[in-house]
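Input: a single structure, listed below in structure tokens.
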Amino acid sequence: MTVIAAVIAAALIVWGIFAYNLLVRDRARVAAAWSDVDVQLKRRHDLIPKLVEVVQQHAGYERGVLERLVLARSQAQEASGPAGKSRPEAALGRGVHKIMAVAESYPELKASQGFLDLQRGLSQAEDQIQYARRYYNGTVNNLNTRVDTFPDLLVARLLGFRPAEYFELQAPVEAQPAEVR
């Protein structure tokens, strides 16, 4: 009887260690994936001032659109965490799409090599943000599934593991990369 109890206790301990290690791995993947998203968001943030400068040179009286884009950028930079960044990053994405729409009204802007380079860079940044966001949300899903499913939830709750936040799209237009012509 004591041998059976010892074997069961040992199996539970081994399972607990295994479950804990998987939870730690998944939490680390979520953190690394968020870091990748953050890098891509910063890359887009870095392109915005250059875009504003180029558009001002060719379309100076579109000031309201440019000011809203700059404001959205600063709000996005100040936000933290997936839930906090979701709304300001959505506004920034909409602002970038509006700038691209404004460019349609200015043939000399559309023909500018600097604008074309920035447009390509923004399109690539948007693509990378989408890839990073999908990967991040996949890692969040893995962690959250583990945290919420039996028997791993026993270890997760005992050791304080919590579900992670998704980084969601706020509007369908954000799923579309900035257009390059």
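The table that follows gives values for the structure above.
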item: Some residue of the range 56-69 being outside any loop (DSSP other than H, G, I, E, B), in contact (Cβ under 8 Å) with a residue 60 or more places away in the chain and among the aliphatic types (A, V, I, L, M); result: no
item: Residues within the range 1-39 that are surrounded by 12 or more Cβ atoms within 10 Å (Cβ to Cβ) and β-branched (Val, Ile, Thr), tallied; result: 4
item: Test: residue in the range 35-46 that is more than 26 Å from Ala164 (Cβ to Cβ) and out of contact with any strand residue (DSSP E or B) (no Cβ under 7 Å at 6 or more places or on another chain); result: yes
item: Set Leu22, Leu41, Leu47: member being over 17 Å from the mean Cα position of the chain (by Cα) and part of a helix (DSSP H, G or I); result: Leu22
item: Single residue of Lys98, Lys110, Lys85 found to be of a type in the set (Lys, Arg), open to solvent by less than 20 Å² (accessible area, probe 1.4 Å) and at negative phi; result: Lys85
item: Qualifying residue in the range 122-134 (condition: open to solvent by 30 Å² or more (accessible area, probe 1.4 Å) and more than 30 Å from Phe161 (Cα to Cα)); result: yes
item: Tabulated pairs, the range 82-108, first free of Cβ contacts under 8 Å to residues at least 60 places away in the same chain, second open to solvent by less than 60 Å² (accessible area, probe 1.4 Å) and of a type in the set (Phe, Trp, Tyr), C-beta under 8 angstrom, 6+ apart or interchain; result: Ala103/Phe115
item: Near pairs, Cβ below 7 angstrom, 6+ apart or cross-chain, from the range 109-128 (over 17 Å from Gly93 (Cβ atoms) and part of a helix (DSSP H, G or I)) to any residue that is open to solvent by less than 30 Å² (accessible area, probe 1.4 Å) and of a type outside the set (A, V, I, L, M); result: Leu109/Phe115
item: Selected residue (only one of Val24, Val54, Val65 is of a type in the set (Val, Ile, Thr), at pLDDT 95 or above and either out of contact with any Gly (no Cβ under 6 Å at 6 or more places or on another chain) or more than 30 Å from Leu158 (Cα to Cα) (or both)); result: Val24
item: Candidate set: the range 40-82, residues that are in contact with a Pro (Cβ under 7 Å, 6 or more places away or on another chain) and crowded, with 18+ Cβ neighbours inside 10 Å; chosen: the one nearest to Glu104 (Cα to Cα); result: Ala72
item: Qualifying residue in the range 139-158 (condition: open to solvent by 40 Å² or more (accessible area, probe 1.4 Å) and within 29 Å of Leu51 (Cα to Cα)); result: no
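The values are calculated or read from the model by the stated rules, or taken from the named source; none is laboratory data. Just so it is clear, the structure is predicted and the values come from calculations on it, not from any experiment. Using ideal geometry, Cβ is built from the backbone for each residue, glycine included, and neighbour counts are taken over all protein chains shown. Calculation scope for accessible area: heavy atoms of the full protein, side chains included, ligands and nucleic acids excluded. Shrake-Rupley method; radii C 1.70, N 1.55, O 1.52, S 1.80 Å.
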